[in-house]
1. Filter region 237-250 down to the residues that are in a loop (DSSP other than H, G, I, E, B) and crowded, with 24+ Cβ neighbours inside 10 Å, then identify the one that is nearest to the chain's Cα centre (by Cα).
2. Go over the candidates Gly293, Gly256, Gly319, Gly282 one by one and state the one that is crowded, with 17+ Cβ neighbours inside 10 Å and either farther than 23 Å from Leu231 by Cα or of a type in the set (S, T, N, Q) (or both).
3. Looking only at region 32-42, which residues are touching a residue at least 12 places away in the same chain (Cβ under 8 Å) and more than 19 Å from the chain's Cα centre (by Cα)?
4. Do we find that Ala262 is in contact with a strand residue (DSSP E or B) (Cβ under 9 Å, 6 or more places away or on another chain), among the small types (Gly, Ala, Ser), in contact (Cβ under 8 Å) with a residue 40 or more places away in the chain and in a helix (DSSP H, G or I) in this structure?
5. So the check is Cβ under 6 Å with 6+ separation or different chains; which pairs have a first residue in region 232-244 that's touching a residue at least 40 places away in the same chain (Cβ under 8 Å) and more than 16 Å from Asp147 (Cβ to Cβ) and a second one that's surrounded by 12 or more Cβ atoms within 10 Å (Cβ to Cβ) and of a type in the set (A, V, I, L, M, F, W, C)?
6. Taking region 248-289, which residues are in contact with a His (Cβ under 9 Å, 6 or more places away or on another chain), among the β-branched types (Val, Ile, Thr) and closer than 23 Å to Val339 by Cα?
7. Identify all residues within region 76-96 that are part of a strand (DSSP E or B) and touching a Phe, Trp or Tyr at 6+ places or on another chain (Cβ under 8 Å); write none if there are none.
8. Can you pull out the residues in region 154-171 that are surrounded by fewer than 21 Cβ atoms within 10 Å (Cβ to Cβ) and touching a strand residue (DSSP E or B) at 6+ places or on another chain (Cβ under 8 Å)?
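The values are calculated or read from the model by the stated rules, or taken from the named source; none is laboratory data. Fair warning: this is a prediction, and the values are worked out from it, not measured in the lab. Glycine also receives a Cβ, built like all others from the backbone with ideal geometry; neighbour counts cover every protein chain displayed.
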Amino acid sequence: MIRILCLLWLPFAAQAEVVRIATYNTELSRKGPGLLLRDIQRDDAQVLAVVDVIASARPDIIALQGIDWDLNNTAVTALTGKLRNAGLDYGYYLATQPNAGLETSLDLDGDGKTQGPGDAQSWGQFTGQGGLAVLSRYEIITAEVQDYSELLWRSLPGATLPGVNGHPFPSDAAHQIQRLSSTAHWVVPIETPYGRLNLMTFHAAPPVFDGPEDRNGLRNQDEIRLWSVLLNGELGPVPEGPFVIAGDANLDPTRGEGRKQAIQSLLAHPRLQDPLPKDPSGSTSTVAWKATGEMRVDYVLPSADLRISDAGITWPEEGTKLYESAMRASRHRLVWIDVTLP
């Protein structure tokens, strides 16, 4: 379900003709339906910390991950209210049902059981756990949103599905219904004062937590590859005009597990440019996991026709109040770019 929230705009930091676009995995997802809304209403410390981080960056358009979806978008509406109180008035948002937690009747994770979190279209303890949201100062053209979330994995050109000993894993029946997107893939047209911009957003599956069949690794690879397939015209009409890919790919180009060629190929795509955002220390890392250390997994990649005036990763100086908020909010860091439309 798509809701538009029309509100008064408060001034943002971006200069005239410059649009600031960000992505941020908030990790606000909770373990049960309604709990995120409860915590937003209670001024939970993590929620307020996320608001502080977003308010410090002041993006005009932001793609959020780790936001639990509910039928009436009450959690997203409540979050926009907290941001409004912090001086950021996002007049429009997009939040539709993700594949996370979407139940099926089959064993999709190969554990011999059904009806578990791993048997949903994507892992989830309830429908909508860990969804996406796009918040924007500018009008989202909802009638023209392209949603690839229902695309079957096997229907992606060049898809590589998991198998064991020459047999589909966990079964051919599973392959017949398995969607590609672990959360969602959206192309969101936004009408800025300087022209239309397409925001392409997603949150790919982590390429770990599986067995020798490498189901999650293969899915992560093809979720990232979907954008190249789309830009190459192999998945229907190519979106026209300038665009920005903003989301969590869950894959570092050189570090950690996963099929690195997927993100390396996307970063090298001729229709894209990589601004290589850095934090104040010069690091390109966007997440810090205890088990694997720092990695670059969150990306804001503008089309080649956009002029980049600035880019960065929000990671405040240690010892400041904002640093404390950033540490409390999420293991991920907010990534942003400033662009001028052609």
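1. Ala249
2. Values: Gly293 fails: crowded, with 17+ Cβ neighbours inside 10 Å; Gly319 fails: crowded, with 17+ Cβ neighbours inside 10 Å; Gly282 fails: crowded, with 17+ Cβ neighbours inside 10 Å.
Just a single option satisfies the conditions, and that option is Gly256.
3. Scanning region 32-42 gives Gly32, Pro33, Gly34, Leu35, Leu37, Ile40, Gln41.
4. No.
5. Partner pairs satisfying both residue conditions: Pro242/Leu197; Pro242/Leu306; Pro242/Leu341; Val244/Ile21; Val244/Leu199.
6. Within region 248-289, Thr286 is the sole residue that qualifies.
7. Tyr92, Leu94
8. Across region 154-171, the qualifying residue is only Leu161.
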